[in-house]
Protein chains: 2
Amino acid sequence: MTNRIGLFGFGVVGQGYYEIAKNDRPSLLPETIVVQNKNKERPHSLQLSFDPKDILNTPHDIGIELISDPIQAYDYVSSLLKSGKKVISANKKMLAAHLPELLELEKSYGGSLLYEASAAAGIPIITCLDCHFAGDHISKLQGILNGSSNYILSRLFQDDLSLSDAVKLAQEKGFAEADPTLDINGSDVSSKLTILSLHAFGRYIPENEILTIGVQHVHAEDVALAKSLGLKIKLIATVQRSQDGLSMYILPALVGESDPLFLVENEYNAAKVTSHNLGEQFFQGKGAGSLPTGASVYADLTKAIKGYAYSYDKLQGAKIKREKPLTASLEVIVSADTADALAPLIGQATIHQAQERYWSICTLATEDLIKHLPAIEANNVSIIALNGSVRQERILDSIQKLENVHLG
Amino acid sequence: MTNRIGLFGFGVVGQGYYEIAKNDRPSLLPETIVVQNKNKERPHSLQLSFDPKDILNTPHDIGIELISDPIQAYDYVSSLLKSGKKVISANKKMLAAHLPELLELEKSYGGSLLYEASAAAGIPIITCLDCHFAGDHISKLQGILNGSSNYILSRLFQDDLSLSDAVKLAQEKGFAEADPTLDINGSDVSSKLTILSLHAFGRYIPENEILTIGVQHVHAEDVALAKSLGLKIKLIATVQRSQDGLSMYILPALVGESDPLFLVENEYNAAKVTSHNLGEQFFQGKGAGSLPTGASVYADLTKAIKGYAYSYDKLQGAKIKREKPLTASLEVIVSADTADALAPLIGQATIHQAQERYWSICTLATEDLIKHLPAIEANNVSIIALNGSVRQERILDSIQKLENVHLG
Ligand SMILES: NC(=O)c1ccc[n+]([C@@H]2O[C@H](COP(=O)([O-])OP(=O)(O)OC[C@H]3O[C@@H](n4cnc5c(N)ncnc54)[C@H](OP(=O)(O)O)[C@@H]3O)[C@@H](O)[C@H]2O)c1
Ligand SMILES: NC(=O)c1ccc[n+]([C@@H]2O[C@H](COP(=O)([O-])OP(=O)(O)OC[C@H]3O[C@@H](n4cnc5c(N)ncnc54)[C@H](OP(=O)(O)O)[C@@H]3O)[C@@H](O)[C@H]2O)c1
């Protein structure tokens, strides 16, 4: 049986999938490739189309959507599903926004939609959540879900680079998007967390509801402080289940050396899943890049051909409802250049001065943090979660000793 | 659609599966349970059968084989496959010995056989190898595949226990088999490695061909030496691919702190897979126990019902051939109570004396090690692989300094 495959997008990921198919099974190469820019110079002589109808209105069996634009992507993917096609997408922004509608289309028209590459690129975390936790009750999921942020943090810790130099290096190495703010502000992590939560907990929390702070305010003194405690800082996405729903938050967090997330360096991603039956499961792999991401797309393709579809068993057959996360109380270290920047955020908590910075260790509600995000952004306030790694008193002690630490 | 399920064996794993099904979907409980011992007191009032024909000669759709006896297990599983049934097994010894025949039965009679629980219990490593590495080229697989050996090593390193006390504790905690030699001599690791290699590389190396040394000779001085180097010792199973085939070996090995295997403690298992497209993927989870293992069985059951079957794509459609592993050269630390015990093994290498033991650091061929296994066993010779973690000179240095280390 041959499969007629249509591919939208021939960028980093599209070319990764193409290369893998070419070397493995040329019958899994796309018959049609649609891209956008007629004037772009191409380093290959493949025949490209600029008209989506060449896939949408032509009898293809499988559509693979790997474009950068989430709005067009939704158009393509929903059209394909309305024709009952098997569809593969890597578009986390689009999926996080539209999974409820897309699942309805899948059900109504009998097609299928797979999207392993959309969260943690090369790690088969969606498939594992979807088929290995059957009958299990997941209580917590934590992950490192942005390769470039993690690469940047590795440079801060291993090479004592400044944040801006680390961002530049990440771009040079091809780990950061052209506009690096999209990486360092954690915005693509929230899309991924929305997607993973649907599979892990059967609950749909739109990404704009999730407290999201990236690595953009991590300061050299934070790094020195963490090091003095034998800890690292990682950009950690957390979902925690309680009886009433899910609490979810993404922010830089301290990680101790007994936590498997401690060893996740450079462009690697990871996910740690705690469940009743399986205890703690941990997955680590490449979180970005042409071949790792293309490999997940290619695995989806072979699965789709075999008839594999996600079971969404945690939804228990119900329609997806949009929900809000619960408020969570987070133990955090807050620091900034001025005491004034801290005051509105921390309530009655004490402010300490060290290393020409102002610090407070306190417990803040995710809801309040979300309200203060504009001020946090404007005042470059650093917020680091303790993440259960260390007691508050030990941190205070270390902050006081920071005075004597030379910062390179 | 209801599925009529027959279950063989109602021990640790069978009861784990049963509990999960009962809480999740009672329609996935077995209709018939066959066990062996008529005189055993049962802590439950379930109706049990003692006659395999109650499953084999009665119309069931799915057979689950969770018995301790590999010979009977082969009988049951092959009978079920000959009736074209969907079959699930956790029996690593049986599978490692009979996968070639079982796959032929699967093909000939149209049934299917899943066995996620047989290797690394709760980790979905077989499914991931089978469907996430499509079109990829795996070059190396390393794993910690025996929970009780790993638990024992954790006790040696964290609590300075002697080997015999650690073994006792593992038994008390329920992590070791009644006859602990089966755990500590690594024999079940070789079964698992045979199974994993088939999925990762499409090659079948019977387990008795694999150099297998367990934790039974790890000595307190080995622990002290590793600690003095900032390393740990783990029982590592390795498969390495080269153009001519696979080299495979299982032995205690040094692991450095940047290796994700470094953090795998207690009853946890792990697998690290290096491939062309995905770089390094790492999986960690529980390697034994009623619920973790039952959870893998239950996940297999839900997959089997959806029609999922292993693709064995690395076999590329070929029939399984029995192969021998290639000889590999291993850098090792060899030590024993007498110089005479070392001499036949190490050839021209120098023998050092420290801490009332005799040591040599040398490169040995797996083939030669296999030949010397009886002498290694008889003389309680400790063999620890360097595993690329440290240079030989640093070890020598540390051995010499051991003299001055007090061993508790
Ligand atoms: N890069 C990664 O490591 C990675 C990892 C995980 C997920 N993803 C996701 O994968 C998707 C693709 O990412 P990428 O890195 O491959 O992007 P990219 O390198 O920027 O390539 C985007 C491709 O999409 C095409 N395109 C854009 N708009 C289009 C439209 N309206 N119609 C048809 N084609 C259009 C572009 O056409 P032209 O060639 O004509 O410009 C280009 O070929 C994104 O959703 C991204 O979030 C990427
Ligand atoms: N335990 C683990 O953590 C673990 C992990 C991974 C894989 N496994 C594998 O899973 C399988 C089961 O292990 P287990 O720990 O559950 O063993 P177990 O606790 O010893 O239970 C074995 C069960 O098999 C039954 N049985 C033995 N021989 C039989 C026969 N000929 N016909 C019918 N029933 C028979 C026994 O019957 P009675 O009740 O009458 O004695 C008992 O119910 C083994 O292959 C093991 O290697 C175990």
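The values are calculated or read from the model by the stated rules, or taken from the named source; none is laboratory data. As the structure is a computational prediction, the values presented were derived from the model and not from experiment. Backbone-built Cβ (ideal geometry, glycine too); neighbour counts: all protein chains shown. Protein only, heavy atoms only, side chains kept; ligands, DNA and RNA dropped before computing areas. Shrake-Rupley method; radii C 1.70, N 1.55, O 1.52, S 1.80 Å.
For the range A:335-378, give me the residue count where each residue is open to solvent by less than 30 Å² (accessible area, probe 1.4 Å), touching a Phe, Trp or Tyr at 6+ places or on another chain (Cβ under 7 Å) and assigned to a strand (DSSP E or B).
Total satisfying the criteria: 2.
May I ask you to list the residues in the range A:274-289 that are away from ligand 2 (no atom under 16 Å from the Cβ) and either among the hydrophobic types (A, V, I, L, M, F, W, C) or modelled with pLDDT of 95 or more (or both)?
Initial filter on the range A:274-289 (away from ligand 2 (no atom under 16 Å from the Cβ)): A:274-276, A:280, A:282-289.
Answer for the range A:274-289, where residues must be away from ligand 2 (no atom under 16 Å from the Cβ) and either among the hydrophobic types (A, V, I, L, M, F, W, C) or modelled with pLDDT of 95 or more (or both): A:T274, A:S275, A:H276, A:E280, A:F282, A:F283, A:Q284, A:G285, A:K286, A:A288.
Taking A:P325, is it within 14 Å of chain B (Cβ to nearest Cβ) and under 20 Å from the mean Cα position of the chain (by Cα)?
On the way: within 14 Å of chain B (Cβ to nearest Cβ): no; under 20 Å from the mean Cα position of the chain (by Cα): yes.
Against the criterion (within 14 Å of chain B (Cβ to nearest Cβ) and under 20 Å from the mean Cα position of the chain (by Cα)), A:P325 does not qualify.
Name the helices (runs of 4 or more DSSP H) wholly inside the range B:118-222 in which the number of residues that are away from every other protein chain (no Cβ under 14 Å), free of Cβ contacts under 8 Å to residues at least 24 places away in the same chain and farther than 26 Å from A:D300 by Cα is 2 or more. Step through it out loud before you land on a result.
Numbers: elements: B:125-132, B:147-159, B:163-172, B:181-184, B:187-201.
In the range B:118-222, the matching helices (runs of 4 or more DSSP H) lie at B:147-159, B:163-172.
Could you please let me know if B:V381 is open to solvent by less than 70 Å² (accessible area, probe 1.4 Å), away from chain A (no Cβ under 11 Å) and touching a residue at least 12 places away in the same chain (Cβ under 8 Å)?
Values: open to solvent by less than 70 Å² (accessible area, probe 1.4 Å): yes; away from chain A (no Cβ under 11 Å): yes; touching a residue at least 12 places away in the same chain (Cβ under 8 Å): yes.
Answer is yes for this residue.
Hey, any hits in the range A:101-111 for a residue that's away from ligand 1 (no atom under 15 Å from the Cβ), of a type in the set (K, R) and not assigned by TED's automatic domain parsing to the domain that holds A:P70? Break it down stepwise before answering.
If we filter the range A:101-111 for residues that are away from ligand 1 (no atom under 15 Å from the Cβ), which is where we start, we get A:101, A:103-111.
Now narrow it down to the ones that are of a type in the set (K, R): A:107.
Then drop every residue that is not not assigned by TED's automatic domain parsing to the domain that holds A:P70, which leaves none.
No.
Answer yes if at least one residue in the range B:393-401 is touching a strand residue (DSSP E or B) at 6+ places or on another chain (Cβ under 8 Å), free of Cβ contacts under 8 Å to residues at least 60 places away in the same chain and assigned to a strand (DSSP E or B), and no otherwise. So that I can check it myself, show each step before the final result.
Step one: filter the range B:393-401 for residues touching a strand residue (DSSP E or B) at 6+ places or on another chain (Cβ under 8 Å), giving B:395-396, B:399-400.
Narrowing further to those that are free of Cβ contacts under 8 Å to residues at least 60 places away in the same chain: B:396, B:400.
Still in the running and assigned to a strand (DSSP E or B): none.
No, there is no match, as no residue in the range B:393-401 is touching a strand residue (DSSP E or B) at 6+ places or on another chain (Cβ under 8 Å), free of Cβ contacts under 8 Å to residues at least 60 places away in the same chain and assigned to a strand (DSSP E or B).
Restrict the check to the range B:139-148 and report whether at least one residue is open to solvent by 10 Å² or more (accessible area, probe 1.4 Å), more than 17 Å from B:I320 (Cβ to Cβ) and basic (K, R).
Yes, that holds for at least one residue.
Can you find, within the range A:272-289, the residue that is nearest to ligand 1 (Cβ to nearest atom) among those that are of a type outside the set (D, E) and open to solvent by 40 Å² or more (accessible area, probe 1.4 Å)?
As a first pass, look at the range A:272-289 and keep what is of a type outside the set (D, E): A:272-279, A:281-289.
From what is left, the residues that are open to solvent by 40 Å² or more (accessible area, probe 1.4 Å) are A:274, A:276, A:286.
Values: A:T274: 25, A:H276: 31, A:K286: 9 Å.
By that ranking, first place goes to A:K286.
For every residue, the table says whether it meets (1) away from ligand 1 (no atom under 11 Å from the Cβ); (2) touching a Pro at 6+ places or on another chain (Cβ under 6 Å).
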| position | (1), (2) |
| --- | --- |
| A:L7 | no, yes |
| A:G16 | no, no |
| A:P30 | yes, no |
| A:Q47 | yes, no |
| A:K53 | yes, no |
| A:S68 | no, no |
| A:D75 | no, no |
| A:L81 | yes, no |
| A:A90 | no, no |
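Considering A:L263, A:L291, which residue is free of Cβ contacts under 8 Å to residues at least 60 places away in the same chain and either facing chain B (nearest Cβ under 8 Å) or under 17 Å from the mean Cα position of the chain (by Cα) (or both)? Don't jump to the end; show me each part of the working.
Values: A:L291 fails: free of Cβ contacts under 8 Å to residues at least 60 places away in the same chain.
After ruling out the rest, the residue left standing is A:L263.
From the set of residues in the range B:1-30 that are open to solvent by 70 Å² or more (accessible area, probe 1.4 Å) and within 16 Å of ligand 2 (Cβ to nearest atom), which is modelled with the lowest pLDDT?
B:V12
With respect to the numbered conditions (1) part of a loop (DSSP other than H, G, I, E, B); (2) more than 16 Å from ligand 2 (Cβ to nearest atom); (3) surrounded by 14 or more Cβ atoms within 10 Å (Cβ to Cβ), which one is the sole condition not fulfilled by B:G307?
All conditions pass for B:G307, except number (3).
Does any residue of the range A:150-163 turn out to be among the β-branched types (V, I, T), under 23 Å from A:A226 (Cα atoms) and open to solvent by less than 10 Å² (accessible area, probe 1.4 Å)? Break it down into steps so the answer makes sense when it comes.
First, the residues of the range A:150-163 that are among the β-branched types (V, I, T): A:152.
Right, trim to under 23 Å from A:A226 (Cα atoms) and you get A:152.
Subsequent filtering for residues that are open to solvent by less than 10 Å² (accessible area, probe 1.4 Å) retains A:152.
Looking for residues that are among the β-branched types (V, I, T), under 23 Å from A:A226 (Cα atoms) and open to solvent by less than 10 Å² (accessible area, probe 1.4 Å), one finds at least one in the range A:150-163, hence yes.
Test B:A318 against the criterion of being crowded, with 17+ Cβ neighbours inside 10 Å and small (G, A, S), and give yes or no.
Details: crowded, with 17+ Cβ neighbours inside 10 Å: no; small (G, A, S): yes.
It is false that B:A318 is crowded, with 17+ Cβ neighbours inside 10 Å and small (G, A, S).
Identify, please: which residue in the range B:181-220 is of a type outside the set (G, A, S) and at pLDDT below 95 and is, among those, nearest to B:A318 (Cα to Cα)?
Start the filter on the range B:181-220 by keeping residues that are of a type outside the set (G, A, S), which leaves B:181-185, B:188-189, B:192-196, B:198-199, B:201, B:203-213, B:215-219.
From what is left, the residues that are at pLDDT below 95 are B:181-185, B:188.
Working: B:T181: 37, B:L182: 33, B:D183: 34, B:I184: 35, B:N185: 33, B:D188: 27 Å.
Checking each candidate, the answer is B:D188.
Considering the range A:83-107 alone, what residues qualify as being surrounded by fewer than 24 Cβ atoms within 10 Å (Cβ to Cβ) and either within 14 Å of chain B (Cβ to nearest Cβ) or free of Cβ contacts under 8 Å to residues at least 24 places away in the same chain (or both)?
A:E101, A:K107
Restrict the check to the range B:389-405 and report whether at least one residue is of a type in the set (S, T, N, Q) and at pLDDT 95 or above.
Filtering the range B:389-405 down to residues of a type in the set (S, T, N, Q) leaves B:389, B:392, B:398, B:400, B:404.
Remaining after also requiring at pLDDT 95 or above: none.
Within the range B:389-405, not a single residue is of a type in the set (S, T, N, Q) and at pLDDT 95 or above.
Matching residues to (1) open to solvent by less than 10 Å² (accessible area, probe 1.4 Å); (2) more than 9 Å from chain A (Cβ to nearest Cβ); (3) part of a strand (DSSP E or B); (4) at positive phi:
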{"residue": "B:Y249", "(1), (2), (3), (4)": "no, yes, yes, no"}
{"residue": "B:A253", "(1), (2), (3), (4)": "yes, yes, yes, no"}
{"residue": "B:A270", "(1), (2), (3), (4)": "yes, no, yes, no"}
{"residue": "B:T302", "(1), (2), (3), (4)": "no, no, no, no"}
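With within 24 Å of B:I250 (Cα to Cα), touching a strand residue (DSSP E or B) at 6+ places or on another chain (Cβ under 9 Å) and modelled with pLDDT of 95 or more as the only criterion, which of B:T363, B:T338 stands out?
B:T363
Can you tell me which residue in the range B:58-82 is nearest to the other protein chains (Cβ to nearest Cβ), limited to those that are away from ligand 2 (no atom under 14 Å from the Cβ) and modelled with pLDDT under 95?
B:H60
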